[in-house]
């Protein structure tokens, strides 16, 4: 009896001791306290106890003492107790020693000890952390072999592991095969889909979880919110936000940060700000989300203001600082950028490469190259962005030579360049300066380093060669390209327009469509000027059809280009129709309409359009004033034109430029006010150039005031203009006066100075084909029939009273030869060709690159009457509609 009591007392004492030691281990707050308990356990001889060794391993792990955990395990090794193995595997995984954790799992398997349900979650997490998919799949097989595939915790760990491997198919398979699921199961799969960018699938699983009655927690919401934001599902995002408020997890800072980010992705900045202002707790992520969100949304000023507010409550990190510095770059706010720079120095921030690169860029774009270079020179380590930022900084500030020197230094220091950014910058310089030598040097380097495989680089090469006037080289690069995008096609089409090779441009356009490339707005804006130049009505209408097909009709620049295209194709009504259908109109739209009316001699309508533009609240710019004064000039609206000129400075504070003064001179001189025009020129605050005197000279010659024209010619000669057109005008004046020695002297001067007179040509479109005729041309189809018809017309014209005005033949030859020369003017060849190849009564439309001469103007009036045809002629200045022997210009052009 006494022995039994002693046994019970001993057992009770031992239980109490075990309980006390267990509590002491649990309550230890640091390694010092734990070691005291550990020493006591060893003293009591309990260190081999499975229970205490396991507890010690786990507690040391929680206190971040994995070495001590290993020491405890080694004291009990070798062991066949799964709890001890589980404890050390869990301890190592918990402390990030993932490879060691898997090593112990492998060692455990060698002992033939069977793992249990508590072994696998830690091992699976270790595989996930190491991204060791091979080992992960092996462990999954072990799980299935042992028959633990249906274990909830193991399955959750497997879903997470496969998701982190990016194997969402296998993660989904594990999920679908689970007999029971908890919130962690759903969260793991939603998070897996969301973190791998499968937004729709993440939302699908979230909706399924709600349908089975699963109440989301903070982790669910923080996983599904990025899916809502990235998929731009605004309604669903707002519903989840409402649910967050309803279930009371809005105080969770991670959830609130997710809502902030989502609203920025929705571009709902006011909602984001409201959430931010109502946040109970904010962390650095909250501030960064707002500051970066404002910056990325273009609200750079607001981003900087928020940064200043943050400084009073939080220490910014490098992400905050880089985002705010980028805002300074966009605003060109060097003062605040310098403040941030000094703040970083004063608060001991480390200047990593990213921050230094932004500082280089910020100072350079703000024009402070000294500060930019200072940051660059202090960098211990530089990357290609550092060099590119500095090179670009020198170039955008106009220091091209220094930029090129830096680029050469960059090539020496970096040896192999990782990207073509600097080459693109230098290509832009060679394009801007039309420096062919630099362009070719860059091209050689690009091929040497293999950067010609970059599409953006080859596009830049196509553009560079075209803008340097080397269209053949541009086409060579284009044809050698293995791949082309819409930018490539737009660049080559624009190059064709710039080189005035519109027929090639049209072929390129057709080829682009044949190769299945859909045009964009830039394509249309490139093609339409070609239609304008060629007056290609059919192609213009086709392009208009494409505009409607691709939904570009609401684009204002497209509408503006269509107005101009139709006007230059002789379709005034279509121009006006496009204008009226445009819902949005800017100053360019109104200017295009005013200019169109001006070209057709509809000065009154142009003036009404100008007044209507002002009434709608659109302010005219300097181009609009050129258009309205031009329109007034071609309709003899002298008072209205002068009033518009006066209003430029008075009402709109626009300082008149030379082109405005030229328009006023043209306005006065076209109406015969030569003395007033000359007085106006002499009173100009700007020095008149050849264009000013040229306007007066052209009008004097047209009105036959040759003596006045001779005096004006002397003014132009003094200016030594490089435009051959003015010397041709002067030559024409002397020819009209019969001063052939002076004519020969002027022509000799033109030749000696390397100037080249533009040859007159006309063109017309018949049955979808464009025909071109040069002055005196005898190399076109049916030229014999054309000259024969012109001979017949000459007889009919003579019966109507026509007498050739030989003063428009500016050569010292016999009268008969002068008549033949007049007959060979390009517009007459075009009209005769049109008469031969169209049905009687069909209107004709002729385009000419130069101004129509007076004699051709008279002849065309007679032809319109005799042949009963409407003939629309567009010369360098305007349209002339000939009908029944009269012209719409009323002989005022």
Residue check for residue 527: in contact with a helix residue (DSSP H, G or I) (Cβ under 6 Å, 6 or more places away or on another chain), under 14 Å from residue 459 (Cβ atoms), touching a residue at least 24 places away in the same chain (Cβ under 8 Å) and buried (at least 18 other Cβ atoms within 10 Å of the Cβ): no
Qualifying residue in the stretch 166-188 (condition: under 42 Å from the mean Cα position of the chain (by Cα), assigned to a helix (DSSP H, G or I) and farther than 19 Å from residue 127 by Cα): yes
Residue list for the stretch 443-461, filter: outside any helix (DSSP H, G or I) and closer than 15 Å to residue 411 by Cα: 449, 450
Test: residue in the stretch 445-455 that is closer than 25 Å to residue 532 by Cβ and out of contact with any helix residue (DSSP H, G or I) (no Cβ under 6 Å at 6 or more places or on another chain): no
Residues (assigned to a helix (DSSP H, G or I), touching a residue at least 12 places away in the same chain (Cβ under 8 Å) and over 14 Å from residue 222 (Cα atoms)) located in the stretch 252-277: 264, 265, 269, 272, 273, 275, 276
Residue list for the stretch 770-803, restricted to those being touching a helix residue (DSSP H, G or I) at 6+ places or on another chain (Cβ under 7 Å), within 15 Å of residue 864 (Cα to Cα) and not in a helix (DSSP H, G or I): 800, 802
Evaluation of residue 713 against (1) buried (at least 22 other Cβ atoms within 10 Å of the Cβ); (2) within 46 Å of the chain's Cα centre (by Cα); (3) not in a loop (DSSP other than H, G, I, E, B) (one fails), failing number: (2)
Per-region count, the stretch 833-852, residues in a loop (DSSP other than H, G, I, E, B) and either outside the structural domain of residue 782 (by TED's automatic domain parsing) or surrounded by fewer than 22 Cβ atoms within 10 Å (Cβ to Cβ) (or both): 9
Contacts under 8 angstrom Cβ, first residue in the stretch 631-652 being in contact (Cβ under 8 Å) with a residue 12 or more places away in the chain, partner surrounded by fewer than 18 Cβ atoms within 10 Å (Cβ to Cβ) and assigned to a helix (DSSP H, G or I), 6 or more apart: 635/604; 637/604; 648/622
Selection from the stretch 666-710 of residues that are touching a residue at least 24 places away in the same chain (Cβ under 8 Å), part of a loop (DSSP other than H, G, I, E, B) and within 46 Å of the chain's Cα centre (by Cα): 686, 688, 689
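The values are calculated or read from the model by the stated rules, or taken from the named source; none is laboratory data. These numbers were taken from a predicted model, which means no experiment stands behind them. Here the Cβ is made from the backbone with ideal geometry for all residues, glycine too, and neighbour counts use every protein chain on show.
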